[in-house]
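Encoded as structure tokens, the structure appears first; notes follow it.
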Amino acid sequence: MKIASYNINGIKARLPAVTDWLEEAAPDVVIFQEIKSIDENFPREHFEDMGYNVETHGQKSFNGVAILSKLPLEDVTRGLANATGTGRDGADDEEARYIEATVVGDHSAVRICGLYLPNGNPVGDEKFAYKLRWMERLEARAKELLALEQPFLMAGDYNVIPQAEDAARPEDWRDDALFQPESRGAFWRLQNLGLTEAFRARSQAPEQYTYWDFQRGAWQRNDGIRIDHFLLSPQCADLLEDCQIDKDVRAREKPSDHVPIWVSLAA
DNA sequence: ATGTCAGCCGGAGGCTGA
């Protein structure tokens, strides 16, 4: 089972690019971030015609996530439960950043958690505190799912640069929310629960990025960062076959600032 | 190099977010 994640930065502007990539990469499942669309305006039928079941969690103008799957999607939930478990409709969950669904493969069912983590800039602002609270809520959800001892993965745009080697110019990110010790620490805490970061489990290669800013010729200078990640539960990590970044997509016409990343599971 | 892009409102281009 091939599962991809792609921050598309607006479905309206990206439909041709996304369609071309989807036809080539042919993932069984793909999670999108930043669809920047309400559910009613998402081109559901376009993707259904390509053989995908479509579940969206959108909002006007910003954010928005979706799961597309060639296999049936079960038990779809939208939003992230807060750390105290009192509900999914709190003030910290107003933005459309999280969706879950179960995909049943030939051998194993996998719970897919698609996420678009808050950017958090500027540091010191309420936005940074919101990012850290969001990561606490994600950790709480990870603990709930781990207790079930089933295959699951949490994937998407984490807006976290895990280590200095995950940035071409780490010194440029020293004061940025994506590279703060608190942001990175929260990301390590997820892994310390027992989640496996799929890309680094497969490769220690340097200069492996998933995002290049539109500004300052970042792509042309390969001034990128690795911020799109797959975290796998132990039962899911046992199924991991491969994890790769579709870097070439960034060089095409009208690209997103992110590129797809995907895992292949024996599921 | 303040050198980009997308979406919104509103009917141009300024604002927001990234």
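Just so it is clear, none of the values below were taken in a lab; they were calculated from the coordinates. Since we're looking at a predicted model, the values are computed, not measured. Using ideal geometry, Cβ is built from the backbone for each residue, glycine included, and neighbour counts are taken over all protein chains shown.
General observations
- Overall, the ratio between the Cα radius of gyration of the stretch A:23-176 and 2.2 N^0.38 Å, rounded to two decimals, is 1.10.
- Cα gyration tensor shape for the stretch A:105-153, rounded if a/c is under 1.5, else prolate or oblate: oblate
- Of A:Leu153, A:Pro181, A:Gly114, farthest towards positive along the dipole that unit charges on Lys, Arg, Asp, Glu beta carbons give the stretch A:92-190: A:Leu153
- Most mobile of A:Glu139, A:Glu55, A:Glu182 in a GNM of chain A (Cα contacts under 10 Å): A:Glu182
- Entries of A:Lys2/A:Lys254; A:Lys12/A:Lys143; A:Lys143/A:Lys254; A:Lys70/A:Lys254; A:Lys70/A:Lys127 with Cα pairs more than 30 Å apart: A:Lys12/A:Lys143; A:Lys143/A:Lys254; A:Lys70/A:Lys127
- Most mobile of A:Asp228, A:Asp49, A:Asp39 in a GNM of chain A (Cα contacts under 10 Å): A:Asp49
- Dipole axis of chain A (+1 Lys, Arg; -1 Asp, Glu on Cβ), positive-most option in A:Leu132, A:Ile8, A:Ala91: A:Leu132
- Calculated from backbone phi, Karplus (6.51, -1.76, 1.60) coupling profile of the stretch A:23-38 in Hz, x at Gly/Pro: 5, 6, 6, 6, x, 6, 9, 9, 10, 9, 10, 6, 5, 6, 8, 6
- In a reduced charge model with +1 at each Lys and Arg Cβ and -1 at each Asp and Glu Cβ, the stretch A:57-212 shows a dipole moment near 200 debye about its Cα centre.
- Measure of compaction for the stretch A:1-100 (Cα Rg per 2.2 N^0.38 Å): 1.08
- Computed helical MRE - 222 nm, chain A, DSSP H runs ≥ 4 contributing -39500 (n - 2.57), nearest 500: -7000 deg cm²/dmol
- Unit Cα scatterers, Debye sum, chain A: log10 I(q)/I(0) for q = 0.11, 0.15, 0.16 Å⁻¹: -0.55, -1.11, -1.30
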